[in-house]
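In what follows, a structure is listed as structure tokens, so that the remarks can point back to it.
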Ligand code: NOJ
Ligand code: CA
């Protein structure tokens, strides 16, 4: 009997162990709709949530831990049990207000696991996974419950364990800027290259010798393209990635607030989505709309006021140092107390009424929608680097800028003026004036604003990418929508697909833009990388179209030059998707190259279809796009420093129709460093059966407009 009695508990013990083991191996699995991706979720033996992701039976993310470390309450790290797991399937097509195509497919399989911590009175969270044909999104959800209300995040501990020492296109992890060159290296080389990668910036906070930013683009040695980013960054701090360069594990690092905390949370709430886009074709990374799909549809009932914009601006002349934003020369402005009328004009202030009228005339003559005017308002004399609180009021023009007169003039010519709000990082001051500033815009007929956040953030100690600022950027966008205003924010957080929900967010900078070509230069491969990195979350106001490639032509003391050919500058209107496109150079220069300028006039800013013809990050990109609502196509092809021959197969054209193609290409002797302005323009008839082989110079490219025969003769 005794023996028997002993045997039974032993048997039970084994059963219990099996049961426990069952929990451990109780993996939940879902696949992508096309079955190429397989996602597994499991709890490890100490109840830590883990996941892994395979693509066509290859490891993308090895078993990786999930969890959130908290400061004030027990952490969401381990001790979990699976309470419930639900699956779901979703498939819809939706139409973006503007975009690279007229409909976007949103098709995924979902796994929602509810996991509870017995030790914390059964407190529970949910982890939601969505597996698309082009990748994975997942997030943490914190439902409302008795034992969970406020909590402070110490650190998010989401891991992405990679299958090897991938090649990566990376920016130094930084809490305040993304205005860095992209460094291309193996992950194992990040540490060694970090010092050189951290170039100076007015506000910067690199946080670790192996910290990198997202979107992070990688390529495995066996040819898998992997992109890590986040979607729907709302009321949370921006995620960077800390690399364990021995094991190739990336782990989330959130941007701290002024006290060092990483997030003030209150249930019910959730994290942004963590995204993994994957394919064995580089082109699929560029056509992925996974980040938009993970954002909520817009709730705006009326979107008729949101329109893509092609613009010029009183801008490049200040960036190059030819002119100034400031009206006078002093470094002691007390806004509201300083009487500008008593100060001598410096003679270099560009935003003066007569000069702005010249821009308006040029815009009207060449069919542009708008003119951006920077430096129109009081405060620019000492705006920079002083951490002033009350630096601008966003409503008081300089004495030589006639707000009402210019508005009338622009309206009479069918041109809009784009407002400019430089905050100088003084966010407190901006919010103080925001309503008044937007009302001023509405009163004077402005419907779009370019905002900017140069310098350290005030309140002091906050970072550009912390939760406080994430909340501010969205506040400015939502409030703008109340006034039917479109926003293009510079130095703000990099986009995470929020433009789906808030389509008035028509532009962002959040990377090294063309301005750096006048501050020493961008790398030659820069624009062959950005579509794989920065543009994954949304469009960039890159401001292309520089024809005068020597900056010294405008400012003899500035020796910077443009690291591309003129033809490459044209191609960017197609390869760098944005519903907001600038022709950034000066009218005086465009007037000298009206033949090449014709492409900028013709090219669309909104599209029905997009075809990636060729692409490899850091090397080349060729894209064909169909103009929205028109039987017109535009092609842009760019290369890095290497001369390349691009092959275009026109089989995307409707069969049986004849088109006239105008090809704007590098001249025979062109190269970005020796002869960047050399270009040729030729016309040919093409059909869906045509093929073209086009040489691109070093730092070069080409652009093609394709219209039904007869169309291009019609006057624009
Ligand atoms: C930086 C922006 O990126 C640039 O476009 C702007 O001209 C300056 N700030 C001044 O606001
Ligand atoms: Ca900038």
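Where a number appears in this text, it was derived from the coordinates with a stated rule and is not lab data. All values reported here derive from a predicted model rather than from experimental measurement. With ideal geometry, Cβ positions are generated from the backbone for all residues, glycine too; neighbour counts draw on all protein chains shown.
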Here P(r) for region 636-716, Cα-Cα distances in 10 Å bins, as whole percents, is 19, 44, 28, 9, 0
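Ranked from highest to lowest mean number of other Cβ atoms within 10 Å per residue, what is the order of the peptides 554-565, 586-597, 283-294? Walk me through the numbers before you get to the answer.
Values: 554-565: 19.2, 586-597: 15.9, 283-294: 22.2.
Ranking the peptides 554-565, 586-597, 283-294 by packing returns 283-294, 554-565, 586-597.
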What shape does region 513-553 take by its C-alpha gyration tensor, where a ≥ b ≥ c are the square roots of the eigenvalues and a/c under 1.5 counts as rounded, a/b above b/c as prolate, and the rest as oblate?
prolate
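Express the C-alpha Rg of region 563-716 as a ratio against the empirical globular expectation 2.2 N^0.38 Å, rounded to two decimals.
0.97
Stretch residue 643-residue 105 to full length: gain in nm at 0.36 nm per residue minus the Cα-Cα span?
Working: separation 538, 0.36 × 538 = 193.68 nm, distance 3.64 nm.
Length gained, residue 643 through residue 105: 190.0 nm.
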Only counting other Cβ atoms within 10 Å, I'd like 280, 402 sorted with the fewest neighbours first.
280, 402
What fraction of the DSSP beta bridges in the chain is antiparallel, stated in percent and rounded to the nearest 5?
85
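What's the ranking of 685-698, 443-456, 356-369 by average number of surrounding C-beta atoms within 10 Å, highest first? Could you put the intermediate results ahead of the total?
Working: 685-698: 16.7, 443-456: 20.6, 356-369: 18.9.
Answer by packing, highest mean first, reads 443-456, 356-369, 685-698.
Between residue 443 and residue 59, what is the FRET efficiency for a Förster distance of 45 Å, r being their Cβ-Cβ separation, to the nearest 0.05? Don't jump to the answer; show the numbers that get you there.
Details: r = 59 Å, r/R0 = 1.30.
Efficiency, from the Cβ-Cβ distance: 0.15.
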Can you give me the distance in nm between label points at residue 413 and residue 189, each placed 7 Å from the Cα along the Cα-to-Cβ direction?
5.0
Find how many whole Å separate the alpha carbon centroid of region 119-189 from the alpha carbon centroid of region 464-522.
22
Within region 468-490, backbone nitrogen closer than 20 Å to the virtual label 7 Å beyond the Cα of residue 519 toward Cβ:
488-490
Normalise the Debye intensity by I(0) for the chain, one equal point scatterer per Cα, no solvent, then take log10 at q = 0.06, 0.08, 0.10 Å⁻¹ and round to two decimals.
-0.37, -0.64, -0.99
Report the Cα centroid-to-centroid distance between region 85-100 and region 260-293 in angstrom, as an integer.
15
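Starting from the Cα-Cα distance between residue 557 and residue 150, subtract it from 0.36 nm times their residue separation and give me the gain in nm to one decimal.
Values: separation 407, 0.36 × 407 = 146.52 nm, distance 5.58 nm.
Difference between extended and current length: 140.9 nm.
Mind running the shape call on region 132-274? Use the C-alpha gyration tensor, a ≥ b ≥ c as the square roots of the eigenvalues: rounded below 1.5 for a/c, prolate if a/b tops b/c, oblate otherwise. Don't jump to the answer; show the numbers that get you there.
Values: a/c = 2.28, a/b = 1.42, b/c = 1.60.
In terms of gyration-tensor shape, oblate.
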Degrees, to the nearest 10: 403-412 long Cα axis against longest axis of the chain:
80
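Quickly rank 491-498, 220-227 as a protection proxy: mean count of other C-beta atoms within 10 Å, highest first. Numbers along the way, then the final one.
Working: 491-498: 25.1, 220-227: 18.4.
Result, highest mean first: 491-498, 220-227.
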If R0 is 22 Å, what FRET efficiency do you get for residue 428 and residue 396 from their C-beta distance, rounded to 0.05?
0.75
What distance in nm separates the simple spin-label points at residue 331 and residue 73, each placed 7 Å from Cα in the Cβ direction?
5.0
Is region 191-265 rounded, prolate or oblate when judged by the Cα gyration tensor, a ≥ b ≥ c being the square roots of its eigenvalues, rounded requiring a/c under 1.5 and prolate requiring a/b larger than b/c?
oblate
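State the extension gain, in nm to one decimal, for the chain segment bounded by residue 46 and residue 281, taking 0.36 nm per residue of separation less the distance between their alpha-carbons.
Working: separation 235, 0.36 × 235 = 84.60 nm, distance 3.81 nm.
Gain on extension, residue 46 to residue 281, equals 80.8 nm.
At a Förster radius of 56 Å, what calculated FRET efficiency corresponds to the Cβ-Cβ distance of residue 302 and residue 346, to the nearest 0.05?
On the way: r = 44 Å, r/R0 = 0.79.
Efficiency at R0 = 56 Å is approximately 0.80.
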Which percent of Cα-Cα pairs in region 301-396 sits in each 5 Å bin, short to long?
2, 12, 19, 19, 17, 12, 9, 6, 2, 0
In percent, what relative contact order does the chain have, based on Cα pairs under 8 Å that are 6 or more apart in sequence?
10
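With a 10 Å Cβ neighbour count serving as the proxy for reagent exposure, in which order, fewest first, do 490, 420, 355 appear? Could you put the intermediate results ahead of the total?
Details: 490 20, 420 25, 355 17.
Fewest-to-most ranking of 490, 420, 355: 355, 490, 420.
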